[in-house]
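Enquirer: Below you will find the structure I want to go over with you.
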Protein chains: 2
Amino acid sequence: MAPTPNPRILYTAIPQSLPVFGEHITFDESATIDLDTAELNGGVLLKTLAFSADPYLRGRMRDPSVQSYTPAFVPGEPIVNHTIATVLRSEREGFKAGDHVVGLLPWAAYSIVPPDARIKPVSNEAGVPWSYYVGILGMPGQTAYFGLKRLVELKAGQTIFVSAGSGAVGNVVCQLAKLEGLKVISSAGSDEKVAYLKEIGVDHAFNYKTADTNAELQKAGPVDIYWENVGGPTLDAALANMNRFGTILVCGMIHDYNSRGDPYPIKNFGAILSKSLTVKGFLVNNLIAAEKEGTAVFDREMGKLVADGKIQYKEHRYTGIENGAKAFLDLFKGDNFGKAVVIVADQ
Amino acid sequence: MAPTPNPRILYTAIPQSLPVFGEHITFDESATIDLDTAELNGGVLLKTLAFSADPYLRGRMRDPSVQSYTPAFVPGEPIVNHTIATVLRSEREGFKAGDHVVGLLPWAAYSIVPPDARIKPVSNEAGVPWSYYVGILGMPGQTAYFGLKRLVELKAGQTIFVSAGSGAVGNVVCQLAKLEGLKVISSAGSDEKVAYLKEIGVDHAFNYKTADTNAELQKAGPVDIYWENVGGPTLDAALANMNRFGTILVCGMIHDYNSRGDPYPIKNFGAILSKSLTVKGFLVNNLIAAEKEGTAVFDREMGKLVADGKIQYKEHRYTGIENGAKAFLDLFKGDNFGKAVVIVADQ
């Protein structure tokens, strides 16, 4: 069979602030792959169905000498992120053509992964779209679920503030918190997103671009738990409106991801002392590693909540791998509405 | 008997930044008390032996409309803090003339406390100077002990950084950490204090006024536990040099106590996310309230460590109640060396 085109999204240069398409990230159509004869060397040939665009990827686009929790991307190589794929051919035990798997895979139409690659079979008993497995049933959903259930003791009647509440993680946090009987305050960056927050049950939603976050929290707080997705002035306002003995879960700080070397200066750190707060930074991988059964409890519970419609889920779908860079860059403009996923193939 | 002079240190006005003697704090010699006939109304007449001067008192010198963990002082009334005193007369069961007690008492030569006042008898089986009971065997010692033993899991071989290591709390933290097998890094504000830190076993001590904190921590770190006494640029340097999964215990932020409304802006909050740190603000009172036996375990263990000379202790003694304000104000200039105590009477 003739070689098949294998379009890819490449990481091409280290950005100092906001990455620019064509400079730091490019779309490459030069590669091909022979799907029938390409050597697998004991591994698996995968066809990408969908991948996720997440803010944390910005952290991998850095000078490799800067230590962080994930290795730096290598210029010239494809971006890598959570992906759902179909097995086309396999030399690895436990995987056969037609299976579906999730894993950290290159942003490419096809990929060959080595025999020890960390890919996980997905059965999709809930019968949801496959792309859900890189969103609410994948890393962002796991982040919300394990962060909320393992890092803080939730009590009905408490007040939680979730920044970026319409985002991939935030909206799941809002809904899980509602199911636990908490009062939920949440901010988002457009009136349309605020309307969505109200739809999914948020008690007090506001547009941080037109409202004053501090005033909103004074009105609806004080805050027992702050789920931090953004950093910057929102964090300062949250610190000022925390309740005594409150907890801040630091999941993301998108405000600073593109201001490397000059992060937003936080004025209200002293509230941690004066109000006896606890602040926990975390990575979902470490929370999962501490689980006896890995993600099993999440797979069961969240799968059921989504299948039963008890948790709503909204995707922002970008169709075609050529839109992968846009899906990622839109995150920093607040232009996505719903979980950003790139649909590469239907099956 | 003729009335006896009862000199006092009064809080007279709300300071905006550094309190000034004669304006915000004054020495008052106008009051008298008749030690034989003053009405006790079921309470206890106490003669002050010594009281403690602590940075946290600055937080009580504020506009009462500002909420915080301790009530605001009332202008015109004496400053109140941890004091060791002798009972002169008592109408309260369990207290008799000659007993020693500790409690939050006014900065005055004598005081009458109501029947429900929280005063605690002290037996001093260790035979140490009475003033130790407002220092290493009192609140500052308890802060170090319960903070370190209850808020973080100490493991031999870990590295702890203690700012203001020659201070009342810091020096106890350094020594307790050494006893647990930790490597101790500590900063202080003079070469004399640095020499003292080395004497009490600190592995890497430096003068933050002449050395670069960030460079010192790069050399001696990374830091698993940061005991925060100061805030400001030291906190930013600590955040930059924390180890993954490290813990920051926020005990004090003296850098900001007199910069109300304009605290030092923290640039490295993002390290909490990127290094999965946990940050805990705490108050010793809440830690003690969570103890089944109150301070009993501390009284036993720390009393023995001090009596056996396993923990060294240094006091900066100010003799005479008239020096109470100076003892307090010196804290913000770094002019104390050792625990600041004011000796009001010998027995």
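Enquirer: Checking the structure you have, find out if any residue of the stretch A:224-238 is within 10 Å of another protein chain (Cβ to nearest Cβ) and among the β-branched types (Val, Ile, Thr).
Expert: no
Results for (1) open to solvent by less than 10 Å² (accessible area, probe 1.4 Å); (2) within 30 Å of B:Arg244 (Cβ to Cβ); (3) of a type outside the set (Ser, Thr, Tyr), shown as yes or no for each residue.
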{"residue": "A:Pro7", "(1), (2), (3)": "no, no, yes"}
{"residue": "A:Tyr11", "(1), (2), (3)": "yes, yes, no"}
{"residue": "A:Val20", "(1), (2), (3)": "no, no, yes"}
{"residue": "A:His24", "(1), (2), (3)": "no, yes, yes"}
{"residue": "A:Ile79", "(1), (2), (3)": "yes, yes, yes"}
{"residue": "A:Ser90", "(1), (2), (3)": "no, no, no"}
{"residue": "A:Gly98", "(1), (2), (3)": "no, no, yes"}
{"residue": "A:Val101", "(1), (2), (3)": "yes, yes, yes"}
{"residue": "A:Ala109", "(1), (2), (3)": "no, no, yes"}
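Enquirer: Of everything in the stretch A:264-287, what is surrounded by fewer than 18 Cβ atoms within 10 Å (Cβ to Cβ) and under 18 Å from B:Ser276 (Cβ atoms)? Give them in sequence order.
Expert: Correct list: A:Asn285, A:Asn286.
Enquirer: Among the helices (runs of 4 or more DSSP H) confined wholly to the stretch A:268-347, which include 1 or more residues that are out of contact with any Ser or Thr (no Cβ under 7 Å at 6 or more places or on another chain) and within 14 Å of chain B (Cβ to nearest Cβ)?
Expert: Correct list: A:270-274, A:284-289.
Enquirer: A:Phe282 versus (1) under 16 Å from A:Val230 (Cα atoms); (2) out of contact with any His (no Cβ under 7 Å at 6 or more places or on another chain); (3) modelled with pLDDT under 95: which is the lone unmet condition?
Expert: Result: A:Phe282 passes all but (3).
Enquirer: If you go through the stretch A:240-263, how many residues are surrounded by 22 or more Cβ atoms within 10 Å (Cβ to Cβ), of a type in the set (Gly, Ala, Ser) and more than 8 Å from chain B (Cβ to nearest Cβ)?
Expert: Qualifying residue count for the region: 1.
Enquirer: Please state which one of B:Thr48, B:Thr83, B:Thr70 is β-branched (Val, Ile, Thr) and under 21 Å from B:Asp256 (Cα atoms).
Expert: That would be B:Thr70, the only listed residue that is β-branched (Val, Ile, Thr) and under 21 Å from B:Asp256 (Cα atoms).
So that you can scan it fast, the table gives a plain yes or no per residue for (1) in a loop (DSSP other than H, G, I, E, B); (2) more than 26 Å from B:Asp262 (Cα to Cα):
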{"residue": "A:Val184", "(1), (2)": "no, yes"}
{"residue": "A:Ala211", "(1), (2)": "yes, no"}
{"residue": "A:Gln218", "(1), (2)": "no, no"}
{"residue": "A:Asp224", "(1), (2)": "no, no"}
{"residue": "A:Thr234", "(1), (2)": "no, no"}
{"residue": "A:Leu239", "(1), (2)": "no, no"}
{"residue": "A:Arg244", "(1), (2)": "no, no"}
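Enquirer: Cβ-Cβ distance below 6 Å, separation of 6 or more or different chains: which pairs start in the stretch B:285-300 with a residue that is modelled with pLDDT of 95 or more and end on one that is open to solvent by 80 Å² or more (accessible area, probe 1.4 Å)?
Expert: From the stretch B:285-300, the pairs are B:Leu287/B:Arg150.
Enquirer: Take B:Lys193 and tell me if it is of a type in the set (D, E, K, R) and open to solvent by less than 50 Å² (accessible area, probe 1.4 Å).
Expert: So B:Lys193 passes the test.
Enquirer: Moving on. Restricting to the stretch B:192-209, count the residues that are part of a loop (DSSP other than H, G, I, E, B) and among the aliphatic types (A, V, I, L, M).
Expert: Of the residues in that region, 2 qualify.
Enquirer: On the basis of being under 15 Å from the mean Cα position of the chain (by Cα) and hydrophobic (A, V, I, L, M, F, W, C), does B:Ala168 make the cut?
Expert: yes
Enquirer: If you don't mind, there's one more thing I want to ask. Just one of the numbered conditions (1) crowded, with 18+ Cβ neighbours inside 10 Å; (2) touching a Ser or Thr at 6+ places or on another chain (Cβ under 8 Å); (3) in contact (Cβ under 8 Å) with a residue 40 or more places away in the chain is not true of B:Val173; which one?
Expert: Only one criterion in (1) crowded, with 18+ Cβ neighbours inside 10 Å; (2) touching a Ser or Thr at 6+ places or on another chain (Cβ under 8 Å); (3) in contact (Cβ under 8 Å) with a residue 40 or more places away in the chain is unmet by B:Val173, namely (2).
Enquirer: Looking at the structure I just gave you, is B:Ala126 in a loop (DSSP other than H, G, I, E, B), among the hydrophobic types (A, V, I, L, M, F, W, C), touching a Pro at 6+ places or on another chain (Cβ under 7 Å) and surrounded by 14 or more Cβ atoms within 10 Å (Cβ to Cβ)?
Expert: The answer is no for B:Ala126.
Enquirer: Then there is this: Condition first: charged (D, E, K, R), open to solvent by less than 20 Å² (accessible area, probe 1.4 Å) and within 11 Å of A:Phe161 (Cβ to Cβ). Now tell me which residues in the stretch A:215-236 satisfy that.
Expert: The answer is A:Glu228, and nothing else.
The values are calculated or read from the model by the stated rules, or taken from the named source; none is laboratory data. The structure displayed is predicted, hence computed values, not measured ones. Glycine also receives a Cβ, built like all others from the backbone with ideal geometry; neighbour counts cover every protein chain displayed. The area values use the complete protein model at the heavy-atom level, side chains included, leaving out ligands, DNA and RNA. Shrake-Rupley method; radii C 1.70, N 1.55, O 1.52, S 1.80 Å.
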